[in-house]
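Notes follow once the structure below has been shown.
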Amino acid sequence: MSDMTIPNATTQLPPDRNEAASVSGGHTPEPPSTSPFSRITGVRWQWLVMTALFAMACYAPFQLVPFRTFQLTMALVYAIALLGLNLLVGHAGQISLGHGAFFAVGAYGSAVMIDRWDTPYSATLPVAAGLTFALGLALGVPALRLRGLYLALVTLSIAIFLVPLLKRFESVTGGSMGLSLDKPIPPEWSGLAEDQWLYFLALATAVVSFFVASGLLRSRVGRALHAIRDNEAAAEVMGVRLAFYKTLAFAWSAMFAGVAGCVYTWVIAFVSPDSFFVGLSITLLAGIVVGGLGSLWGPLLGGLFVMYVPSFAQDVNQAAPGVIFGLLIIAVMYVAPTGLAGLAGRGAHRIRQLVGKGKTDAH
């Protein structure tokens, strides 16, 4: 302690207005005026972008062929699943390689209720959400003693043994053959085709999920998760209950995956164990890393990446699509280490700087 030198705090403070006045010849410089354009770009630009994207999303299915509408629908489904993974990995700092297992539980829970018990489609969504939330709580308890690679291995084991488990209970899950269902029929008042109706169901679920996650992250829960991610020891000293919030993070993450799995069942109308192999969990993790960890836009960009990039890789090289997919991930990580959302954010910030500089020069 005796060798430590404490810097002079006064040297780190900005000059006061009197000092600024003396430097400028007795005139206190006024802060630059804030134009309406800069206020919009600085405060409201996110709402403008969200509104524009939502309008485009509502318009898209009326201009696309059914297959392209199906692809957009699946991108929204993956975005919902990545929303939960982003909550756990990006905001809570916990690693999970078993997210696809909760996705499968939500899908199979919905399929079994519809096929065996003739449950209405809309009723399966809250049940799938509640079931996966409870499983997430159960997983969160043993995960409290683990972190890093050890936690990743435990969650990975869940994704590995789920597939043979689903095949074993053939009377319920349909075994290796899976379960075939009927897709939700669009109501007559909507005037929509089947693919359009499914798209809007996925879009509505995604919008609600994003608002729920956004509100959660702005609450005490979000602040606690960020504190745990940044420094667990410091968070505990500040009074954050590590066990409670870590378990809650797993539960919320699993719930969003279950909701995505339920909507997946509506869209595909078929579930089988081979659809939820361990590669799905790894692909979802790659999707949120590429999309942008800890970003509001990361799950959406990651969902688009998970949906379209494997299809693009298949078109480029049918013999080795995995190689193309891996190379694309490496290329994106090299260009945008913070993900696509971080790259877009830096681009938007640069544009605002150039616009502000241009207005300053004009004055």
| Taking the stated definitions as given, is residue 212 open to solvent by 10 Å² or more (accessible area, probe 1.4 Å), of a type in the set (A, V, I, L, M) and at pLDDT 85 or above? | yes
| request: Scan region 230-270 for residues that are on the phi < 0 side of the Ramachandran plot and outside any helix (DSSP H, G or I) and jot them down. | output: 231, 238, 240, 241, 270
| Failed item in (1) of a type in the set (A, V, I, L, M, F, W, C); (2) in contact with a Gly (Cβ under 6 Å, 6 or more places away or on another chain); (3) part of a helix (DSSP H, G or I), with residue 304 passing the rest | (2)
| task | Pull up region 98-141, narrow it to residues that are assigned to a helix (DSSP H, G or I) and farther than 21 Å from residue 256 by Cβ, then point me to the one that is modelled with the lowest pLDDT. | result | 116
| Does residue 53 count as under 17 Å from residue 307 (Cα atoms) and either open to solvent by 10 Å² or more (accessible area, probe 1.4 Å) or in a helix (DSSP H, G or I) (or both)? | no
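For every residue, the table says whether it meets (1) open to solvent by less than 60 Å² (accessible area, probe 1.4 Å); (2) without any contact (Cβ under 8 Å) to a residue 40 or more places away in the chain; (3) farther than 19 Å from residue 265 by Cβ; (4) not polar (S, T, N, Q).
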site	(1), (2), (3), (4)
83	yes, no, no, yes
108	yes, no, no, yes
116	no, no, no, yes
122	no, yes, no, no
125	yes, no, no, yes
| remark: Counting only residues that are touching a strand residue (DSSP E or B) at 6+ places or on another chain (Cβ under 6 Å) and either open to solvent by 10 Å² or more (accessible area, probe 1.4 Å) or over 25 Å from residue 163 (Cα atoms) (or both), region 265-276 contains a total of 1
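Could you check, for region 23-34, whether at least one of its residues is at pLDDT 50 or above and either loosely packed, with under 11 Cβ neighbours inside 10 Å or out of contact with any strand residue (DSSP E or B) (no Cβ under 9 Å at 6 or more places or on another chain) (or both)?
no
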| note | Scanning region 306-328 for residues that are under 22 Å from residue 76 (Cα atoms) and of a type in the set (A, V, I, L, M, F, W, C), the one surrounded by the fewest Cβ atoms within 10 Å (Cβ to Cβ) turns out to be 312
| Do the conditions hold for residue 204, that is, is it surrounded by fewer than 20 Cβ atoms within 10 Å (Cβ to Cβ) and over 24 Å from residue 73 (Cβ atoms)? | no
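Name the residue, out of 287, 279, 291, 303, that is under 29 Å from residue 114 (Cα atoms) and buried (at least 21 other Cβ atoms within 10 Å of the Cβ).
303
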| query | If the Cβ limit is 9 Å and pairs must be 6+ apart or interchain, which residue in region 159-184 that is of a type in the set (Asp, Glu) and open to solvent by 10 Å² or more (accessible area, probe 1.4 Å) pairs with which residue that is at pLDDT below 90 and assigned to a helix (DSSP H, G or I)? | reply | 170/176; 170/177
| query | How many residues, within region 100-133, are under 20 Å from the mean Cα position of the chain (by Cα) and among the small types (Gly, Ala, Ser)? | reply | 8
| Residue check: is residue 331 open to solvent by less than 10 Å² (accessible area, probe 1.4 Å) and of a type in the set (A, V, I, L, M, F, W, C)? | no
| note | Flagged pairs (Cβ under 6 angstrom, 6 or more apart or on separate chains; first in region 48-63, farther than 16 Å from residue 205 by Cβ; second open to solvent by 90 Å² or more (accessible area, probe 1.4 Å) and not in a helix (DSSP H, G or I)) are none
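Based on this model, can you work out whether residue 345 counts as at pLDDT below 80 and open to solvent by less than 50 Å² (accessible area, probe 1.4 Å)?
Yes.
The values are calculated or read from the model by the stated rules, or taken from the named source; none is laboratory data. Given the structure is predicted, the values throughout are model-derived calculations rather than measurements. Neighbour counts run over all protein chains shown; Cβ positions are idealised from the backbone, glycine included. These accessible areas exclude ligands, DNA and RNA; they are computed on the full protein's heavy atoms, side chains included. Shrake-Rupley method; radii C 1.70, N 1.55, O 1.52, S 1.80 Å.
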